[in-house]
1. Using a Debye calculation, one point per C-alpha and no hydration shell, please list log10 I(q)/I(0) for the stretch A:472-593 at q = 0.12, 0.18, 0.22 Å⁻¹ in order.
2. What residues qualify as long-range amide H neighbours of B:Lys594, i.e. H under 5 Å apart, gap of 5 or more or another chain, H built at 1.01 Å from N?
3. With the calculation restricted to Cα positions, what are the radius of gyration and Dmax of the stretch B:84-141 in angstrom?
4. How large is ³J(HN,Hα) for each residue in the stretch A:612-618, as worked out from phi by the Karplus curve 6.51 cos²θ - 1.76 cosθ + 1.60 (θ = phi - 60°), to whole Hz, x for Gly and Pro?
5. Go through A:Ser235, A:Val318, A:Ser145 and say which Cα lies farthest out towards the positive end of the charge dipole of chain A; charges sit on Cβ, +1 for Lys and Arg, -1 for Asp and Glu.
6. If R₀ is 25 angstrom, what is the calculated FRET efficiency for the pair B:Lys586 and B:Gln619, using the beta carbon separation as r and rounding to 0.05?
7. For the rotation bringing A onto B, which A residue has its Cβ nearest the axis, and at how many Å?
8. Mind listing the label-point distances from B:Lys612 to the same position on all other copies, shortest first, one decimal in nm, points 7 Å along Cα→Cβ?
Number of protein chains: 2
Amino acid sequence: MGNADYVHAFAGVECAHRVTVPPPQPFFKSLKYTLKETFFPGDPLKQFKNQPLSRKLVLGLQYFLPIIQWAPRYTFQFLKADLIAGITIASLAIPQGISYAKLANLPPILGLYSSFVPPLIYAVMGSSRDLAVGTVGVVSLLIASTLGNEVNATENPKLYVNLAFTTTFFAGVFQASLGLLRLGFIVDFVSHATIVGFMGGVATVVCLQQLKGILGLDHFTHATDLISVMRSVLSQTHQWRWESAVLGICFLFFLLLTRYFSKRRPKFFWISAMAPLTSVILGSLLVYLTNAEKHGVQVIGHLKKGINPLSFGDLVLVAPYLKLAIRTGIITGVIVLAEGMAVGRRFAMFKNYHIDADKEMIAFGTMNIIGSCTSCYLTTGPFSRTAVNFNAGCQTAVSNIVMALALMVTLLFLTPVFQYTPLVVLSSIIIHAMLGLIDYEAAIHLWNVDMFDFIACMGAYVGVVFFSVEIGLVISVAISLLRLLLFVARPRTFILGNLPNSTIFRNVQQYPNARSVAGVLVLEIDAPIYFANSNYLRERISRWIEEEEDRIRSSGECSLHYVILDMGAVGNIDTSGISMLEELNKLICGRGLKLVLANPGAEVMKKLNKSKFIENIGQDWIFLTVREAVGACQFVLQTYKASKDESEAYNQV
Amino acid sequence: MGNADYVHAFAGVECAHRVTVPPPQPFFKSLKYTLKETFFPGDPLKQFKNQPLSRKLVLGLQYFLPIIQWAPRYTFQFLKADLIAGITIASLAIPQGISYAKLANLPPILGLYSSFVPPLIYAVMGSSRDLAVGTVGVVSLLIASTLGNEVNATENPKLYVNLAFTTTFFAGVFQASLGLLRLGFIVDFVSHATIVGFMGGVATVVCLQQLKGILGLDHFTHATDLISVMRSVLSQTHQWRWESAVLGICFLFFLLLTRYFSKRRPKFFWISAMAPLTSVILGSLLVYLTNAEKHGVQVIGHLKKGINPLSFGDLVLVAPYLKLAIRTGIITGVIVLAEGMAVGRRFAMFKNYHIDADKEMIAFGTMNIIGSCTSCYLTTGPFSRTAVNFNAGCQTAVSNIVMALALMVTLLFLTPVFQYTPLVVLSSIIIHAMLGLIDYEAAIHLWNVDMFDFIACMGAYVGVVFFSVEIGLVISVAISLLRLLLFVARPRTFILGNLPNSTIFRNVQQYPNARSVAGVLVLEIDAPIYFANSNYLRERISRWIEEEEDRIRSSGECSLHYVILDMGAVGNIDTSGISMLEELNKLICGRGLKLVLANPGAEVMKKLNKSKFIENIGQDWIFLTVREAVGACQFVLQTYKASKDESEAYNQV
């Protein structure tokens, strides 16, 4: 009897369950399953099944316009809560809108426009009950730096504004397409760690930019990196205006104080929410009363009364600028999407409801497409405003409608109020908002828990602060992807040992009391076997075997006979991986050893079978558990030894 | 007693081994291990350890110049074998060199030069015993199409040739840097499947290009795609020269016949190896005797006698072309590296020796850098020539030296022979070589075993044939990376069930007889939990729970109490993944269930501990095996039920 017969006998008696090759599945069925899990993971079509056509239509409408679903159940209680929340966020939206528009080098009125139309669209189409729509600092700066590189906002303001609309249009188209094509998972590739670093970096850069307003400087660098800005600031010390600086620092102090107070007593969140508008009104009053605008304090100036003019005809769809607008649109579109989705999901979790990523993307996209045609620039659901909305007790998206109506009233009647608002107040508001984005506590948490995440975070931060926003973005995406690729390219492999008094086999590094079995080397592979790691794995496994044989040789133990691969953690294998196993098998056979597999998954078994690898090593040498594999190896070793002893004894007789 | 106490009691009694948090490892120690596994996986410095300095120097020299290692052991037997192999590959190198140089739109003599210097360098530095160095068709075409796009080879031949040298130079620099920086694993990201498709596509395109030579056309499109070429060919039917076509088809038939013969009788491999040179000599004789060159049969023409002139001064390092040369150098450098490494590894496996990827890269790089300074263009170890070398029984890299010497003799004395070689013979040689690269059997194998690999392969093929070589390359790399990213972005999750009469838990889809345990849902996650999949996993797991509760509700079984996550296949987790687990835990608690973990690995435990997640769910709820986890859940459920029954009975009394 040869080894193959022994193991066949063992397997028949000792192993109640065997690893079988799964029945061949029709290719299209498994393709359908894969596509469904990739593109429709939330099974959004479940409720459409087995419904009459009319019901399907209603459900379809409800899918795209969630307002139809919740509006009938809207109550007076809800309205009261939403009214308060809406007015609170409007008081934040007005100064922030103006400030961020200035940051983007756009006319301040655009910031107010952008808080009027998009929230209305979102209220109809969005599925978050807490998201408050508005512009964000990060993207405002990004628009200023990307578009500003090609078109000068002061020399050619009309073209610049039109390019901002076009960028918004393409960002919207891109967002809506991602949603319609069910590609929402692309946003998941922007990791939380890189967002922390990226946001922190942008906030730092934006604060540095505000030195212009705070110090009352006329000339300022167009670059955003730390070194250029500091050089620009320090080379103009004689131009610093102390009046402006004092005013700015006072307002900043006031704003920080209100935030500190609100944080300690969450009930008074509205103090912090109202502070920016209070600052604007106080600042404007001060300027109006002292005529400071005539003494060199820069003010916003005249704002046109009236609601959003149409801007559909302003979109720049011609050659030299089209590419710029599309590129900027895609980049900014992804960033605001990542922020909006993260914010929506986080608050949905607090209230325990669910957000469909793809549906949200369609809502964001539509909001920005319509926005771009009504003089708005890029909007999303910023964290700060949404948090205020949530704290103010909003119940539904009606708070966005209330905010929009408040903005409409402002646009129609109150714009003259802002004529005297000093720019330095806007700078203080921006700095105050940005300081909240520098999340050093999150960075410390990353440092403590996961060094690689911390490196990704710092890479993004350093890239943004010392080079440019785009470089920071590229660095962060590259580091994130690198991590995923490195995981696949350099999977971990472990030696498994037997835990004393048990049938359990575990990693000997993690469980130092696990003991290896004489004559058997058990290895675990911790990743799918793909082209990217098959060369590495072949070399690593043969190195494990060499090291084990060296160790055995020096310690004088029983020599090695079996190499067991625990495939439990191998999720999948491709043709390169199968070739690797075939080569490994040859190599192991060449050393006079035998390769044994334990616990391969369904997908792996299917492919090993198709490629005839199972025939190659023998179906009997594939076991359900490591324990059974080790048992079989020991059985064969002992039986073989016994029969050898017997035949030797026989020969001697 | 609460549930926590019950499980604590159970764990103390029933679980001999617990999952412990590994002792904190110094950050730099684990960083060092990670870096070592990433960049020095083969542990090339092992033999340097504990050696005196002089020995270290010798070892270092041997590392960079392996010839020092094997030359002292070189025997007369080896020389005899290498002589035969060297002369055989030289007879292949001469016609192939001329043909490929024509394909690259370079002067034919460059093909001969490129088989003289680089093989000498490789013989000294390379670690493969079988690799035969020379130019390859794929890269020749790529150079023609990439450089040809910017500089016309017929209008500005000098600049074009110099750019080819510069490209070779940068390819060499890039290859050597990859080797020195230990980044050899980058080449592993080019998967075997995409190489099959890419090579097949290029071979198809090259064959189509040869229609020019075969049909004797003067004008021909510069595009390489199928449609442009066919249009160009079919629009000139009146220009077709039947003499040329007949000659070409005869030679092609002759070449294919010899290959067929050699394949059936491997001993006569040299017939196929000698066939191209025979064709060249026969064709030249034919032209010389019939004066056909004066009757419109295109011939190579005069070739300069003498060995390689220096070309160091010809490198174009100035602005408008530098970028082009660097870009082309990097692309072609990676392609030839991927081919050379794959070929070297495959033949090393036949003879059971090992090739150090990084060392090979340094050898390839140096060979191309020196080549670019001695009038050679890009060389590597082509499969066809290496296979002939192997079949001819080569023993060491000395066969390369023999080939180089044969080429030297040819360059010094025999170039006039090729003056009358008709171009149509070269076309036949190229087509013959390229037909061998269209590996349809490999494509069928991919179709049978792994559909995704087949798609990657066909994507590369279609991209090359219908668009351009570059587009094919981008498509193939994109599909390969997409597969890796999709694996991480959409990991599989399974429900586990208990196999009857055992304590084993396995995927119920793979083992349909596995039974679920009442009140407990066991899920396995099949991939690391990273930012790219944490959103998906949260939603997928909560969907599993919902589906399970629906099922239980409709079947009227005992309601769900525990969700056990089998973390055995979770190789790693990042901070986004930990947040996901925290959110999932909240969500599960919110449904009145309890989250239990089974078998988390060392890396995962470390991070869960640092982030306080273990405190959060309770150390007692983490088990070494699924069986123990299920056992504990059942124990608590029963004890709780018993104590409830008891207290009910007590109350009734």
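1. Log10 I(q)/I(0), no solvent term: -0.52, -0.99, -1.29.
2. Amide H neighbours of B:Lys594, under 5 Å, 5+ apart: B:Tyr562, B:Val563.
3. According to the Cα coordinates of the stretch B:84-141, Rg and Dmax are 11.5, 32 Å.
4. 3J(HN,Hα) across the stretch A:612-618, in whole Hz: 6, 5, 5, 4, 4, 8, x.
5. Projecting each Cα onto the dipole axis, the largest value belongs to A:Val318.
6. On the way: r = 19 Å, r/R0 = 0.76.
The value I calculate is 0.85.
7. Measuring from each Cβ to the axis, the minimum is at A:Ala569, 2.
8. Ordered by distance, the counterparts are at 6.0 nm.
Laboratory data are not the source of any read-out in this text; all were calculated from the coordinates shown. For clarity, every value in this text was computed on a predicted model and none was experimentally measured. Cβ atoms come from the backbone with ideal geometry, glycine included; neighbour counts cover every protein chain shown.
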